[in-house]
Amino acid sequence: MLDGLFAWLLLPLGLVLGWALRARNAGVARPPAERGSVSAVQLGGLLHQLESDDPDQAIVALTQVGDLDPGAAELHLTLGKMFRKRGEVDRALRIHESLASRDGIAPELQAEARFELARDYHAAGVLDRAEELFQSLAEQGRYVTAALDAIRTIHEQAHDWRPAIEAARRLEAALGESQRAAIAQYYCELADEAQAAKQPDEAVKFAKRALDEEAGCVRARLQLGGLEMAAGRHAVAAKHYLKAFEQDPRFLADVIEPLQRCMAETKDREGYLQFLHDAREMSSSSLPFVAEARLLAEEGVDPLDRLAQGLEARPSRAVLAEFLEVLERQPDVIASGLDKPAASLRQALVRLMESSPRYQCSNCGFSPRQMFWQCPACKHWGTTAPADDVMRV
Ligand SMILES: [Zn+2]
């Protein structure tokens with residue numbers, strides 16, 4: 001008989017059989033009037049529908065069962081979760097709705113059914129209904145942390161950052177664990193929105209709120225650097241970029257070029273050189289060599305030796321591409337005809353860099369081409385950082 005069953009039906013079928021045995025044994029000891037509440041016909045129908053892969057009829061058979069003993073309730077919940085996991089959210093909704101609306105069921109069971117129902121609505125994208133149910137559960141002291149976490153996620157998905165901040169604060173209080181890193185990211189999102197709406201003062205305010213929440217928030221530092229630079233306050237912008245690098249040297253590729261521009265504006269050549277020196281110490285990147293070579297070239301000094309040092313100390317595609325670019329302009333290289341192969345090699349390197357992932361999530365390893373402050377794969381905030389030694393310009 002089992003040959004004809006789908007694998008996914010085996011677990012609920014086992015539950016149904018267990019439930020049937022318990023119901024039959026209990027029925028022997030019960031008075032005749034009560035014994036009729038577990039309908040053998042209904043149970044037979046449910047088994048038959050599960051066997052013949054007719055889930056909708058199985059749901060009808062299940063929801064019509066009169067006597068809700070613990071086994072039957074467990075069966076509702078197991079089937080409901082299974083349907084949701086399979087992406088059949090409408091079926092999960094029907095089962096959980098039926099269970100949650102039953103009269104006379106234990107409050108714990110009703111709360112569990114409502115929690116699963118809220119998760120169904122969430123999965124179905126009916127966010128307002130899901131939030132309402134999670135909210136009501138949290139207010140009743142049921143599934144408090146899970147419900148508050150779900151509410152926070154719902155606001156994240158809807159990009160409603162202020163309610164997300166409020167939900168994160170409530171979650172922090174209920175859980176006793178800091179949510180400040182996430183709250184800082186929500187303020188950064190508000191700063192991005194303000195910037196997009198051409199409200200730079202508001203954007204600065206939100207980015208500073210992010211720093212109030214988490215002093216080491218690299219994203220807020222980068223935002224403030226960009227905002228201050230756009231406002232012409234280059235010295236202030238440079239301080240933010242330097243702080244961003246101090247907080248996380250992996251962001252060197254994102255700060256090196258704006259720092260060069262800010263320090264050029266303030267004519268702080270020594271400051272820029274000191275930064276490049278510190279960057280060589282603090283990170284394993286070859287980019288400080290590339291930046292220093294570009295500075296020498298601007299000043300009319302041949303940067304080839306500096307790049308050769310970089311190739312020796314920190315071999316990378318970025319420093320090799322820069323080396324080849326300088327090499328192919330050398331008069332003796334042009335005279336010998338080696339400039340063309342050098343250019344071909346450089347172009348191949350550039351194409352290779354352009355097609356490589358530039359960022360990586362330290363939590364799940366996802367490697368996107370562009371920066372995501374919330375990883376699209378694992379949904380963690382602030383775990384993605386530059387992975388590649390590539391100059392942004
Ligand atoms: Zn990730």
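Comparing Cα centroids, the range 72-96 and the range 211-250 end up 48 angstrom apart. In straight-distance terms, cross-link reach from Lys198 covers every one of the aspartates and glutamates whose alpha-carbon lies under 16 Å from its own, apart from those fewer than eight places away in the same chain; here that gives Glu189, Glu228. Please find the FRET efficiency linking Leu352 to Ile105, where r is the Cβ-Cβ separation and R0 is fixed at 51 Å, and quote it to the nearest 0.05. After rounding, the FRET efficiency stands at 0.20. Beyond 21 Å between alpha-carbons counts as too far, so tell me which of Lys205/Lys239; Lys205/Lys267; Lys243/Lys379; Lys208/Lys379; Lys208/Lys267 fall in that bin. Among Lys205/Lys239; Lys205/Lys267; Lys243/Lys379; Lys208/Lys379; Lys208/Lys267, the Cα-Cα distance tops 21 Å for Lys205/Lys267; Lys243/Lys379; Lys208/Lys379; Lys208/Lys267. Phi-derived couplings, Karplus 6.51 cos²θ - 1.76 cosθ + 1.60 at θ = phi - 60°, listed residue by residue for the range 76-85: 3, 5, 5, 5, x, 5, 5, 5, 4, 4 Hz, with x used for Gly and Pro.
Under the combined filter of DSSP loop state and at most 10 neighbouring Cβ atoms within 10 Å, the range 286-393 retains these GluC sites (Glu not before Pro): Glu299. Calculated FRET efficiency, Lys267 and Arg162, Cβ-Cβ r, R0 45 Å, to nearest 0.05? With R0 = 45 Å, the Cβ-Cβ based efficiency is 0.60.
Judged by the ratio a/c of the largest to the smallest principal axis of the C-alpha gyration tensor, the range 45-190 counts as prolate, that ratio being 1.5 or greater while a/b is larger than b/c. Distances between placed amide hydrogens fall under 5 Å for Gln360 paired with Ala385, Ala387, all partners being 5 or more residues away or on another chain.
A short reminder: the numbers here are calculations on the coordinates, not readings from a lab. What you are looking at is a predicted structure, and each value in this text was computed from that prediction instead of being measured. As a convention, Cβ positions derive from the backbone with ideal geometry for all residues, glycine included, and neighbour counts pool all protein chains shown.
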